[in-house]
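One structure is given below, encoded as structure tokens.
Here, each number is a calculation from the coordinates, and none is a lab measurement. For clarity, every value in this text was computed on a predicted model and none was experimentally measured. Neighbour counts are summed over all protein chains in view; Cβ atoms, including those assigned to glycine, are modelled from backbone coordinates with ideal geometry.
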Amino acid sequence: MPRLLLTVFLAAALVAPASLGATAPTLRIVHTKPFVVSGAHFRAHERVVVTLDTATRHVRRVVTDASGSFLADFGVIAFGRCAGFGLSAVGASGDRAVAKIPRPACIPARNP
């Protein structure tokens, strides 16, 4: 019995770090003009659909590299002075990263 408990304990100790090491996919804004985002922690060579929601929807389809990273270039995007936007990336395997950028606190434009 003690040997069985020791075996189960060691197996659990070896499996736990492997599951803790898995990192969820992430999105990051690299440049704003042109608007470029990077993604990381997706599966290697995975097809990913990256969506930028502003007043209109912009979609880019990319493939990750061997490390599971990508860059998506949206070109020059016109944002409203007081507008927020949404950014998401969904991998073919179902991995998902979402970044919601809230509307900034905006003072109305002054009339001369």
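Between R110 and F79, the distance separating the two model label sites (each 7 Å from Cα on the Cα→Cβ line) works out to 2.4 nm. Shown is the FRET efficiency for S69 and R103, computed with R0 = 35 Å from the Cβ-Cβ distance and rounded to the nearest 0.05: 0.75. Taking other C-beta atoms within 10 Å as the exposure proxy, L71, L27 rank L71, L27 from fewest upward. The charge dipole of segment 23-101, taken about its Cα centre with unit charges on the Cβ of Lys, Arg, Asp and Glu (plus for the first two, minus for the last two), comes to roughly 200 debye.
Loop-located trypsin sites (Lys or Arg not before Pro) across segment 21-53 with a Cβ neighbour count of 16 or fewer within 10 Å are R43, with loop assigned by DSSP.
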